[in-house]
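The values are calculated or read from the model by the stated rules, or taken from the named source; none is laboratory data. Just so we're clear, the structure is a prediction, and the values are computed from it rather than from any experiment. Neighbour counts run over all protein chains shown; Cβ positions are idealised from the backbone, glycine included. Please note that ligands, DNA and RNA were not included when accessible areas were found on the heavy atoms of the full protein model with its side chains. Shrake-Rupley method; radii C 1.70, N 1.55, O 1.52, S 1.80 Å.
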Amino acid sequence: MAPLPDFLQGALQQALSLGKTHAVLITGQAGLGQFELARALSQAWLCEDHAPGTPACGHCASCHLVAQRSHPDERWLLPAALRVQLGFEEAPAEGKAKPSKEIRIDEVRAMLDFSISTSGRGQGKVVGIHPAEALNTVAANALLKTLEEPGGALRFVLSCAAPDELLPTIRSRCQVLQLEAPSAAQATQWLAHQGLPAADAQTLLSLSAGRPGQALSWHSAGLNTQRLAALVTDAQQGDLSAHEALGLPTLIDLLARLAHDQLRRAHGQAALYFDGASLPPPAKAEALQRWAQELRQARAKGEHPLTPGLWLDTLAAQAQAGLRPAKG
Ligand SMILES: [Zn+2]
């Protein structure tokens, strides 16, 4: 298990100080380290060789089992799509149906069986749920009773990166731990440890509004200072074909940040995500609002655009119009 980033140590201490609470919800904007913190908390709860209320020792048998994702008293409820990505499962054979992005009712049912089983190692049991907003309504409803009153030895840790999408009935049954963005110095240092050149770390941190996990994930997707500059230039030219590999959700997200910055600049404010000096002069506010609206619609259609072959061209044409500087 990778060591918990320094910038999450304070939050781990805070979570541990909640004492014997039966359900902790770690929430905040995406990319702040919710899942990593949730795993560290679970490991601490199950650790067999540490003082109560302190982080896991990292070397007892239980800690090893958690690190290997094979602790008999720990269960993670994850969307199928994440089980592979996060190393809980091998990749499925080619040609299989696309893995689900929701946590489904049958997974909750399997967890309910686990919840009434006897603890294997006698340190209690933990159910982790990541991300909690991926529970569909049926699955969430099946969970509520156990979440409210888990059997004696069972505790829950939930992570959430889209607080608006989380059902209030889930939230109200948990102690909420709100994650804040780390300081720029902490985040930059951590990104440097992950192998990001300083300039890229700065660019991507700024682009993510200070969320290091998001910055790292963009970096892994091939984004850096140079490619971001190329994206802006290509968007101005109305041709995004060189950036198709980023995928629809990422591209929409980046363009939405660009539209947001241009709108701020049209109102005389400084850019928030991009380096303002590198951006073209902004279009009129009305044109930018239209573009931002188009991007919201594109996002709502998600990964199922009506005409898959056309989405890139449409996004590019809208971006070109949105980036055309106001005349006069
Ligand atoms: Zn331990």
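The table that follows gives values for the structure above.
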| read-out | value |
| --- | --- |
| Accessible area in square angstrom per residue, the chain, 1.4 angstrom probe | 50 Å² |
| Cα-only radius of gyration and Dmax that characterise segment 20-102, units Å | 14.9, 49 |
| Overall form of segment 6-178 per C-alpha gyration tensor (a/c, 1.5; a/b vs b/c) | rounded |
| Length-normalised contact order for the chain - Cα pairs under 8 Å, 6+ apart - percent | 17 percent |
| Other-chain or far-sequence residues with amide H under 5 Å of Ala23's (modelled H) | Phe156, Gln175 |
| Longest to shortest principal axis, alpha-carbon extents of the chain, angstrom | 73, 42, 38 |
| Global geometry of segment 187-235, whether rounded, prolate or oblate, following the gyration tensor of its Cα atoms and the 1.5 cut on a/c | prolate |
| Out-of-range pairs (alpha-carbon distance over 21 Å; input Lys301/Lys327; Lys98/Lys125; Lys20/Lys125) | Lys301/Lys327; Lys98/Lys125 |
| Trypsin sites (Lys or Arg not before Pro) within segment 12-110, DSSP loop, no more than 11 other Cβ atoms inside 10 Å | Lys20, Lys96 |
| Three principal axis lengths of segment 151-295 [C-alpha, angstrom, descending] | 62, 37, 30 |
